Amino acid sequence: MAIRDGSSYMNGIFPKFELPPVVKGDLTGKTVMITGANSGIGFEAAKHFATMNPARLIIVCRSVEKAQESIKQIEGETGYKNAEPMALDLGKFSSISEFATRASKTLDRLDILVENAAVALTEYVPSEDGWESMLQVNAVGPAMHVLLLLPIIINTAKQHSVVPRIVVVSSGLAYTCDIGSDAIATPNTLETLSSKKYCTAEVLAKRYQQTKILNVMLVRKLVELLPKTVVPVTLSPGFCLSGLRRNATGEIAVQFKKMEETFAYTSEEGSRHIIFSAIGGTDEELRGAFISESWIPLELPDWMLSQEGKKAEDKIWTEMLTLFGKLDDRIPGIVTEYLKV
């Protein structure tokens, strides 16, 4: 499979391509889970999955009520009746742990996990746990969520002789910045990135982009540490029409409006990237790939492949494991049993 150069993203250019039709497959007997499935590309991806007859389609939203609203629409538009609601607030670590406990009791398999939920904010907003919200919801929370679901995912591979996929939605914006060297040099990079003192207006202007870098770093670590019977993959859905920018105000809101009118994909078009990453291509081609428009993998940003980028990746991964181990006592056992550490 060819690799696409990411230089256009690095130059702030987000080209719009004519996309192939959505990939189709048969998901009979399989379980699919997607977070942030109540709007935008997550909702559209859920509808596509529903047309492929999965045994179970888990619609994950911040509340059961939001999930039920989505399910009602999905049933009305597709006729699919096996969608199930689950509540997850990635801005609360306790919610992630509670979700994993429920999942371990109610799911006998998990073939496709899509980490799609994200927020984009214009000012510093602390989560209930005291973390900067974009950092927690977009990157740290999903990483914890994936780790806690690994026992179900890996056991699915063993028991059913299948190759599950973990799909993490990133962005081409990962090419437009890096994790600051000043934050990397501190004793705890994640805590520094989250602190209100560090989060100046200049830092917050690139925070969403930084969380998308962390998404790619998560997939790189999973590829390094998971058995080949699991395929982690990340993707850039392109610039899409969605509610993600609803908090934008002033000049930036005007700029986004012009961009949407000029070259934005629809949410349905953006969702095709998720579907391809979940069921398209071959397992060998997609394992660790960063999928872009027309289903062509992107070459990773130079910074991420640099010595500093690799140092940041390893350091942040270690910090995440330490944090998660304090938050949920299942994490150390999962790391020991399921990851090649």
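The values are calculated or read from the model by the stated rules, or taken from the named source; none is laboratory data. Every value quoted in this text rests on a predicted model; they were computed, and no experiment measured them. Because the Cβ atoms are built from the backbone with ideal geometry, glycine has one as well, and the counts that use them run over all protein chains shown.
When residue 199 is tested against the conditions (1) surrounded by fewer than 17 Cβ atoms within 10 Å (Cβ to Cβ); (2) over 18 Å from residue 313 (Cβ atoms), the lone failure is (1). Residue 229 meets each of the listed conditions (1) part of a loop (DSSP other than H, G, I, E, B); (2) surrounded by fewer than 24 Cβ atoms within 10 Å (Cβ to Cβ); (3) modelled with pLDDT under 95 apart from (3). Being surrounded by fewer than 20 Cβ atoms within 10 Å (Cβ to Cβ) and over 25 Å from residue 335 (Cα atoms) holds for only one residue in 80, 175, and it is 80. Test residue 166 against the stated conditions and say whether it is out of contact with any Pro (no Cβ under 6 Å at 6 or more places or on another chain) and touching a residue at least 12 places away in the same chain (Cβ under 8 Å). Taking the combined requirement at face value, the residue does not satisfy it.
The set of residues in the stretch 145-176 that are at pLDDT below 95 and either among the aromatic types (Phe, Trp, Tyr) or not in a helix (DSSP H, G or I) (or both) comprises 171, 175, 176. Please tell me if residue 244 is at pLDDT 95 or above, part of a helix (DSSP H, G or I), closer than 30 Å to residue 192 by Cβ and of a type outside the set (Gly, Ala, Ser). Here the answer is no, as residue 244 does not meet what is asked.
Answer yes or no as to whether residue 110 is buried (at least 21 other Cβ atoms within 10 Å of the Cβ), touching a Phe, Trp or Tyr at 6+ places or on another chain (Cβ under 6 Å) and among the hydrophobic types (A, V, I, L, M, F, W, C). When the stated conditions are applied, residue 110 does not pass them.
Among the residues of the stretch 69-101, those identified as at negative phi, touching a helix residue (DSSP H, G or I) at 6+ places or on another chain (Cβ under 9 Å) and of a type in the set (Gly, Ala, Ser) are 70, 83, 87, 91, 94, 95, 97, 100. For the stretch 130-144, the condition of being buried (at least 21 other Cβ atoms within 10 Å of the Cβ), within 14 Å of the chain's Cα centre (by Cα) and assigned to a strand (DSSP E or B) holds for none of the residues. The set of residues from the stretch 93-107 being farther than 23 Å from residue 165 by Cβ and either surrounded by 18 or more Cβ atoms within 10 Å (Cβ to Cβ) or small (Gly, Ala, Ser) (or both) comprises 93, 94, 95, 97. Among the residues of the stretch 300-341, those that are exposed (fewer than 15 other Cβ atoms within 10 Å of the Cβ), in a loop (DSSP other than H, G, I, E, B) and in contact (Cβ under 8 Å) with a residue 40 or more places away in the chain comprise 340, 341. Annotation: residue 239 fulfils all but one of (1) at pLDDT below 95; (2) buried (at least 24 other Cβ atoms within 10 Å of the Cβ); (3) more than 22 Å from residue 50 (Cβ to Cβ); the unmet one is (2).
Answer yes if at least one residue in the stretch 221-237 is farther than 25 Å from residue 340 by Cα and not small (Gly, Ala, Ser), and no otherwise. Write out each step before concluding.
Step one: filter the stretch 221-237 for residues farther than 25 Å from residue 340 by Cα, giving 236-237.
In the following step, the residues that additionally are not small (Gly, Ala, Ser) were identified as 237.
Looking through the stretch 221-237, at least one residue is farther than 25 Å from residue 340 by Cα and not small (Gly, Ala, Ser).
The rows are residues; the columns are (1) modelled with pLDDT under 95; (2) in a loop (DSSP other than H, G, I, E, B); (3) surrounded by 14 or more Cβ atoms within 10 Å (Cβ to Cβ); (4) in contact with a Phe, Trp or Tyr (Cβ under 8 Å, 6 or more places away or on another chain).
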| position | (1), (2), (3), (4) |
| --- | --- |
| 262 | yes, no, no, no |
| 275 | no, no, yes, yes |
| 278 | no, no, yes, yes |
| 281 | no, yes, yes, yes |
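Here the condition is being touching a residue at least 60 places away in the same chain (Cβ under 8 Å), touching a strand residue (DSSP E or B) at 6+ places or on another chain (Cβ under 7 Å) and closer than 26 Å to residue 325 by Cβ; of 100, 45, 117, 37, it holds for 117 alone.
Among the residues making up the stretch 296-317, a single one is within 17 Å of the chain's Cα centre (by Cα), under 21 Å from residue 236 (Cα atoms) and modelled with pLDDT of 95 or more: 313.
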